[in-house]
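A quick write-up on the structure given underneath.
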Amino acid sequence: MAPAAWSAFVAWEKSSYSEGNGGQCLEWAPAHAPTGVVPVRDSKSPDGPVLALPAAAWSAFLRGVKRRHPAV
C-alpha cells in the first residue's frame, strides 16, 4: 500500500523518543496491529515509505529493545 493510502487508514503515533531530538525517530500505527500488520514510518518523512511489519516481528523488536534498554 502506498504511504498516502496508509495515512488515510491509520492513526500514527510518534515514538516517545522522537521528542526533543529533532524528530529523528519513528511513528507506528498501534490501532492497526490487531490486523496482524504494524505500519511503521520515519517520523521526519511522513510521506515516505511505510514498512508493513508482521505484528509478531514488531513485538519481537520491542522486546529486544526493552531488554537492551530497560528504561524504554
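The values are calculated or read from the model by the stated rules, or taken from the named source; none is laboratory data. Keep in mind it's a predicted model, so treat the numbers as computed, not measured. Here the Cβ positions follow ideal geometry from the backbone for every residue, glycine too, while neighbour counts run over all protein chains shown.
Computed values, structure above
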{"read-out": "Failed criterion for residue 17 (all others in (1) of a type in the set (Ser, Thr, Tyr); (2) over 13 Å from the mean Cα position of the chain (by Cα); (3) modelled with pLDDT under 70 hold)", "value": "(2)"}
{"read-out": "Hits in region 23-46 (condition: of a type outside the set (Gly, Ala, Ser), outside any strand (DSSP E or B) and surrounded by 17 or more Cβ atoms within 10 Å (Cβ to Cβ))", "value": "32"}
{"read-out": "Residue tally, condition at pLDDT below 90 and assigned to a strand (DSSP E or B), over region 51-72", "value": "0"}
{"read-out": "Residue 10 being modelled with pLDDT of 90 or more, among the hydrophobic types (A, V, I, L, M, F, W, C) and surrounded by 11 or more Cβ atoms within 10 Å (Cβ to Cβ)", "value": "no"}
